[in-house]
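Written out below as structure tokens is the structure these notes cover.
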Amino acid sequence: MTKFGIKILVNGVGLYVASLLAPSGITFHGTGFQLVWTIFLVALIFGLVNTFIRPIVKLFSFGILLVTLGLFTFVINALMLLLTSKISEHFAVQFHVKNFWSALLGAFVATTVSLILHALLPDDKK
């Protein structure tokens, strides 16, 4: 359970950094504790989407992933970010992704930040 919690926190930081680097395309609304709560909820939704929906999409797009040598993964991540935005809107969470290109940039930034943070965090392997 703590591993999932750490992934949620890392995703939250990655998504927040993405919103800072693409301020007109990815937005969180709120201030103070409300902003922190919004980031946490969006990271939770993003984590659930990546856990349950992303593997199915990757399975059905295996051929194009193979042809593009895995670069299509960024498109899949962008689509998952757009889906997270739509689910957030449905649950009245103040998070919005403007368009596909903003989602692509956001997915790239969030993935990069997540990779860096996961590399810096200690492994729980014994």
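Can you list the residues, at least 5 places off or on another chain, whose amide H is less than 5 Å from the amide H of ILE53, using H built in the peptide plane?
Under 5 Å from the amide H of ILE53 lies no amide H from a residue far enough along the sequence or on another chain.
Determine the per residue accessible area of the chain with all protein chains present and a 1.4 angstrom probe, expressed in square angstrom. Please report the intermediate quantities before stating the final value.
Working: 7940 Å² over 126 residues.
Computed with neighbouring chains in place, this is 63 Å² per residue.
Residue by residue through region 90-98, what is 3J(HN,Hα) from phi via Karplus (6.51 cos²θ - 1.76 cosθ + 1.60, θ = phi - 60°)? Round to whole Hz and write x for glycine and proline.
Per-residue couplings from phi come out as 4, 9, 6, 8, 7, 9, 9, 10, 5 Hz.
Could you tell me which label, among (1) 1.00; (2) 1.04; (3) 1.19, carries the value of Cα Rg over 2.2 N^0.38 Å calculated for this structure?
(2)
In nm, what is the difference between 0.36 nm times the number of residues separating HIS118 and VAL57 and their Cα-Cα distance?
On the way: separation 61, 0.36 × 61 = 21.96 nm, distance 2.37 nm.
In short, 19.6 nm is gained.
In whole percent, and with a 1.4 Å probe on the protein chains, what portion of the accessible area of the chain is carbon and sulfur? Working shown, then result.
Details: 5910 of 7940 Å².
For the chain, the apolar C and S fraction of the accessible surface comes to 74 percent.
The values are calculated or read from the model by the stated rules, or taken from the named source; none is laboratory data. Just so it is clear, the model here is predicted, and its values are computed rather than measured. Accessible surface areas use protein heavy atoms only, side chains included; no ligands, DNA or RNA. Shrake-Rupley method; radii C 1.70, N 1.55, O 1.52, S 1.80 Å.
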